[in-house]
Amino acid sequence: MPNFIRLHITKLVFILLSANTTLLIFLAAGDVKALSVWSGADIFAEGGAGLLTLVWLYLILKSRPSGRITNLLTLGLGLMFVAWWADTLDEFIALPDAITWDHWLESGSMSLGLVLLTYGLYHWHHEQLAISQQRQKQERLVREHRYFDHLTPLAGAQYLKDQIDSDRKQSRQYSSSLIALDLDNFDAVNQTYGHAEGDRVLQAVSQIILLNIRNQDLLCRLAGDRFVVLLPHTGESQAKIFADEITNSLFHYAYRSYTHGEKISISATSAVIMAHQESSEQLLSRLQLAIAKAKTPLARRA
Amino acid sequence: MCQWYTSQSPLIPSQGIPLNLLDLFQSYDPTCHHLLRSTKLFLSDIINTDTPPVISTHQLVTLIGNATNLTNTPDTAFLIGQRFFNSDSGPANAVLLNSPNLYIALETLQRFQPLLSPLMTLKFFHDEQDCFIFWRDDSGSHKLNTKLVEIMTVALVSYCKRQFGQHPPWKIYFNYRAPNHLEQYWLHIGENLYFNTAICAMRIPKEYLFKQWREESLSYTLRKTQAEAQLSLLPAQQSLISRVNCVIATGLQTGDKRYMQLETVAEALKISSATLKRHLKFYNTSYQKLLDQERLYQAVYLMHKEKLTQSAIAEKLGFHDNSSYRRSLKRLTGILPSELGLI
């Protein structure tokens, strides 16, 4: 909350000041109406609209970083609030008939506010397209924030299962491949450097993998230190090449610890399978067998 | 000194397991308001004072429930489990971490159960090939039972992985159906999983029991003395549920049928039947349920350890005949006596 106020202090002060100025001007120019002529319905509707505008403003400021688009949206909503505010004040304070500027105050700030809000929304739309483009490899075409992982910027196992199932329904001849990537000795990282460092390693690793996959691919964190890449319309041999490329780039990545900057070596084991006509559960359990086999040391494989 | 503690008795130092839980989930809830909701605990009391509060198993269960609700991700129990024994929380934990081998570690878990795993009791036995380990509920929290099984199973698996330096060939049995988040089980528990079995169990080849991890050191002995001292300060060394289970088990083992009655058990505990009933109600359980569970455990024990036949087991557990044993087992677990064995 303090952070929220610090970021947007100028805008908030500006809105409060204009609301206060409007109130003072109204009081200076007119007289307070008697209780008997107050109109309950009007006060409720106009005041309620003003309050709702403030709620929208709060939600927008709370969910956005500071910047040009945020300023536009704030200004637009702020002006709309001032218009509703003046409209509500009308119900309590009677202005002499000679005064016409109050209509200008209400209608003018409302129209200007709406124009600014629309302009801001238009730019927000463009910004969102750009962000979606960047997030393409993490969520493809469906957004479901409930399935997002809390640690890495990736989706979790449930999202992957949903995507596999919906892909399978869409196309009869489905030829996708899955890569499972499992970090080697990740427990040792947690033990030696602590779980917080382990979490940072996972975040770094997810970024490295994201850089190595194509735009149409999807990366999810299945559980713990295990990642899965879904490669649509890709054969197994092609997927094996991708898997090797990812493990190579992880192997060459020099991760430095957060506290003392020591190098933590990262390596990963990968397994690749091709999807047949099977449910996501069956597919994932086949993938599990493949990665378990790949992880077993050669000596213990009988 | 009392023979047993209840789910409301102050038992667990809040700077041990509870503080580790708060640490783990603080990133979700910086003020810890959600985590501590209806636990009657305050963060400032736990971290600031010289005399931190001592909490009951009931409060700990509430805390774990809050954590799972807060994160709302399937890996919560697994994250708790991974750190459960691998964090520094008192001398008993140090004894566990410095155990010379798995057998002594399991004995340590039993000896210092109220300090190390206050929510579940560990039971184990071994036959010629394998060692069987069971986690039995000691907190009366039905809603969270699966979560607690997950936590304690992962705790022991990751403890052993750390001690052996590799993943020993566990076979793990669960008495419920395969969950949606099976991938978490694969990753944190292992590949050899069996679901819908009669009883939750963990199985490891017997040779792993006595593989030497390290020599018994002097500091190990010192820590053990400290842990014993800490244990003797507790209101009791066994929960009411464990105590009742022990009495029933002794009754079943000696073939004394009087122990099938609530009254006899209450007498052995030196309380009235009504008081025992009331206490068990606090644990959301009843005498019949405990008797059923103990019989189930004994049946598995007699089958694997003593290699008894089904009819001998039925007789030993106080059933009139084979068919009433069969019916009772079917009602309790949905399986037949022939399927009772852990594959």
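The values are calculated or read from the model by the stated rules, or taken from the named source; none is laboratory data. Source: prediction; values computed, not measured. Methodologically, a virtual Cβ is constructed for each residue, glycine included, from the backbone with ideal geometry; neighbour enumeration extends over all protein chains shown.
Given A:LEU283, A:LEU289, which one is surrounded by 12 or more Cβ atoms within 10 Å (Cβ to Cβ), within 12 Å of chain B (Cβ to nearest Cβ), over 32 Å from the mean Cα position of the chain (by Cα) and among the hydrophobic types (A, V, I, L, M, F, W, C)? Explain how you work it out, then say what you get.
Details: A:LEU283 fails: over 32 Å from the mean Cα position of the chain (by Cα).
Result of the check over A:LEU283, A:LEU289: A:LEU289.
Take the residues in segment A:223-233 that are out of contact with any Cys (no Cβ under 9 Å at 6 or more places or on another chain) and closer than 23 Å to A:GLN158 by Cβ; name whichever of them is farthest from the other protein chains (Cβ to nearest Cβ).
My answer is A:PRO232.
When you scan segment B:158-170, do you find a residue that is out of contact with any Phe, Trp or Tyr (no Cβ under 8 Å at 6 or more places or on another chain) and more than 14 Å from chain A (Cβ to nearest Cβ), even just one?
Looking for residues that are out of contact with any Phe, Trp or Tyr (no Cβ under 8 Å at 6 or more places or on another chain) and more than 14 Å from chain A (Cβ to nearest Cβ), one finds none in segment B:158-170, hence no.
If a residue must be closer than 25 Å to B:LEU182 by Cα and surrounded by fewer than 14 Cβ atoms within 10 Å (Cβ to Cβ), how many such residues does segment A:161-187 contain? Don't jump to the end; show me each part of the working.
The initial filter retains those residues of segment A:161-187 that are closer than 25 Å to B:LEU182 by Cα, namely A:161-169, A:174-187.
Now restrict to residues that are surrounded by fewer than 14 Cβ atoms within 10 Å (Cβ to Cβ): A:166, A:169, A:185.
Matching residues across segment A:161-187 total 3.
Considering only residues that are crowded, with 20+ Cβ neighbours inside 10 Å and of a type in the set (Phe, Trp, Tyr), which ones fall in segment A:81-131?
A:PHE81, A:TRP84, A:TRP85, listed by residue number.
Residues of segment B:171-186 being within 12 Å of another protein chain (Cβ to nearest Cβ), of a type in the set (A, V, I, L, M) and in contact (Cβ under 8 Å) with a residue 12 or more places away in the chain, which ones?
Filtering segment B:171-186 for residues within 12 Å of another protein chain (Cβ to nearest Cβ) gives B:178-186.
The next check asks that each one be of a type in the set (A, V, I, L, M); those that pass are B:178, B:182.
Hit for segment B:171-186 is B:ALA178, nothing else.
Any residue at all in segment A:15-23 that's closer than 23 Å to A:HIS123 by Cα and at pLDDT 85 or above?
Within segment A:15-23 (the criterion being closer than 23 Å to A:HIS123 by Cα and at pLDDT 85 or above), the answer is yes, since at least one residue qualifies.
I'd like to know if segment A:184-194 contains one or more residues that are within 14 Å of chain B (Cβ to nearest Cβ), outside any helix (DSSP H, G or I), modelled with pLDDT of 90 or more and within 17 Å of A:ALA271 (Cα to Cα).
No: zero hits.
Would you mind telling me which numbered condition in (1) aromatic (Phe, Trp, Tyr); (2) closer than 23 Å to B:ASP138 by Cβ; (3) over 22 Å from the mean Cα position of the chain (by Cα) B:TYR220 fails?
(2)
Among the residues of segment B:48-94, write down those that are of a type in the set (A, V, I, L, M, F, W, C), part of a helix (DSSP H, G or I) and under 24 Å from B:SER7 (Cβ atoms).
Matches in segment B:48-94: B:LEU60, B:VAL61, B:LEU63, B:ILE64, B:ALA67, B:LEU70, B:ALA77, B:ILE80, B:PHE84, B:ALA92.
Give the residues of segment A:151-183 that are within 11 Å of chain B (Cβ to nearest Cβ) and among the polar types (S, T, N, Q), sorted by residue number.
Correct list: A:GLN158 only.
Tell me, which residue of segment B:237-252 that is in contact (Cβ under 8 Å) with a residue 12 or more places away in the chain and more than 20 Å from B:LYS281 (Cα to Cα) is surrounded by the fewest Cβ atoms within 10 Å (Cβ to Cβ)?
B:ALA249
Say whether the condition of being among the aliphatic types (A, V, I, L, M) and touching a Lys or Arg at 6+ places or on another chain (Cβ under 6 Å) is met by at least one residue in segment B:99-117.
So far as segment B:99-117 goes, no, none of its residues is among the aliphatic types (A, V, I, L, M) and touching a Lys or Arg at 6+ places or on another chain (Cβ under 6 Å).
In the set B:GLN230, B:GLN253, which member is assigned to a helix (DSSP H, G or I) and over 29 Å from B:GLN298 (Cβ atoms)?
From the options B:GLN230, B:GLN253, the qualifying one is B:GLN230.
Tell me, please, whether a residue that is at pLDDT 90 or above, away from every other protein chain (no Cβ under 14 Å) and crowded, with 22+ Cβ neighbours inside 10 Å can be found in segment B:77-94.
Within segment B:77-94 (the criterion being at pLDDT 90 or above, away from every other protein chain (no Cβ under 14 Å) and crowded, with 22+ Cβ neighbours inside 10 Å), the answer is yes, since at least one residue qualifies.
Hey, among the residues in segment A:217-229 that are touching a residue at least 40 places away in the same chain (Cβ under 8 Å) and in a loop (DSSP other than H, G, I, E, B), which one's farthest from A:LYS137 (Cα to Cα)?
A:ASP225
Only one of (1) polar (S, T, N, Q); (2) without any contact (Cβ under 8 Å) to a residue 60 or more places away in the chain; (3) closer than 13 Å to A:LEU178 by Cα is not met by A:GLN238, so which one is it?
(2)
Restrict the check to segment A:201-216 and report whether at least one residue is within 14 Å of another protein chain (Cβ to nearest Cβ), part of a helix (DSSP H, G or I) and crowded, with 17+ Cβ neighbours inside 10 Å.
Yes, because at least one residue in segment A:201-216 is within 14 Å of another protein chain (Cβ to nearest Cβ), part of a helix (DSSP H, G or I) and crowded, with 17+ Cβ neighbours inside 10 Å.
Quick check on my filter: what residues within segment B:48-75 are touching a residue at least 60 places away in the same chain (Cβ under 8 Å) and within 14 Å of another protein chain (Cβ to nearest Cβ)?
Across segment B:48-75, the qualifying residues are B:THR68, B:PRO74, B:ASP75.
Go through B:GLN184, B:GLN163 for me and flag whichever is in contact with an Asp or Glu (Cβ under 8 Å, 6 or more places away or on another chain) and either buried (at least 16 other Cβ atoms within 10 Å of the Cβ) or modelled with pLDDT of 95 or more (or both).
B:GLN184
Tell me, please, whether a residue that is at pLDDT below 90 and under 10 Å from the mean Cα position of the chain (by Cα) can be found in segment B:148-159.
no
Identify the residue in segment B:19-63 that is among the polar types (S, T, N, Q) and surrounded by 14 or more Cβ atoms within 10 Å (Cβ to Cβ) and, among all such residues, is farthest from the chain's Cα centre (by Cα).
Looking at the filtered set, the residue picked out is B:THR39.
Is it the case that A:LEU17 is under 29 Å from A:LEU95 (Cα atoms) and either in a helix (DSSP H, G or I) or among the aromatic types (Phe, Trp, Tyr) (or both)?
So A:LEU17 passes the test.
I'm told B:ILE204 meets every condition in (1) within 14 Å of chain A (Cβ to nearest Cβ); (2) modelled with pLDDT of 90 or more except one. Can you identify the failing condition by its number?
Every condition holds for B:ILE204 apart from (1).
Output yes when any residue across segment B:7-24 is of a type in the set (Gly, Ala, Ser), farther than 26 Å from B:HIS167 by Cβ and assigned to a helix (DSSP H, G or I), and no when none is.
Pass one, segment B:7-24, residues of a type in the set (Gly, Ala, Ser): B:7, B:9, B:14, B:16.
From what's left, farther than 26 Å from B:HIS167 by Cβ: B:7, B:9, B:14, B:16.
Now narrow it down to the ones that are assigned to a helix (DSSP H, G or I): none.
Checked segment B:7-24: no residue is of a type in the set (Gly, Ala, Ser), farther than 26 Å from B:HIS167 by Cβ and assigned to a helix (DSSP H, G or I).
Could you tell me whether A:GLY78 is touching a residue at least 40 places away in the same chain (Cβ under 8 Å) and surrounded by 19 or more Cβ atoms within 10 Å (Cβ to Cβ)?
Against the criterion (touching a residue at least 40 places away in the same chain (Cβ under 8 Å) and surrounded by 19 or more Cβ atoms within 10 Å (Cβ to Cβ)), A:GLY78 qualifies.
When you check B:GLU267 against the structure, is it closer than 30 Å to B:GLN3 by Cα, surrounded by 13 or more Cβ atoms within 10 Å (Cβ to Cβ) and free of Cβ contacts under 8 Å to residues at least 12 places away in the same chain, yes or no? Show your work before the answer.
Numbers: closer than 30 Å to B:GLN3 by Cα: yes; surrounded by 13 or more Cβ atoms within 10 Å (Cβ to Cβ): yes; free of Cβ contacts under 8 Å to residues at least 12 places away in the same chain: yes.
Taking the combined requirement at face value, the residue satisfies it.
Somewhere in segment A:253-270, is a residue among the aromatic types (Phe, Trp, Tyr), more than 14 Å from chain B (Cβ to nearest Cβ), part of a helix (DSSP H, G or I) and crowded, with 16+ Cβ neighbours inside 10 Å?
Within segment A:253-270 (the criterion being among the aromatic types (Phe, Trp, Tyr), more than 14 Å from chain B (Cβ to nearest Cβ), part of a helix (DSSP H, G or I) and crowded, with 16+ Cβ neighbours inside 10 Å), the answer is no, since none of the residues qualifies.
Residues of segment B:272-303 being surrounded by fewer than 18 Cβ atoms within 10 Å (Cβ to Cβ), over 30 Å from B:GLU339 (Cβ atoms) and without any contact (Cβ under 8 Å) to a residue 60 or more places away in the chain, which ones?
Correct list: B:SER272, B:SER273, B:ALA274, B:THR275, B:LYS277, B:ARG278, B:LYS281.
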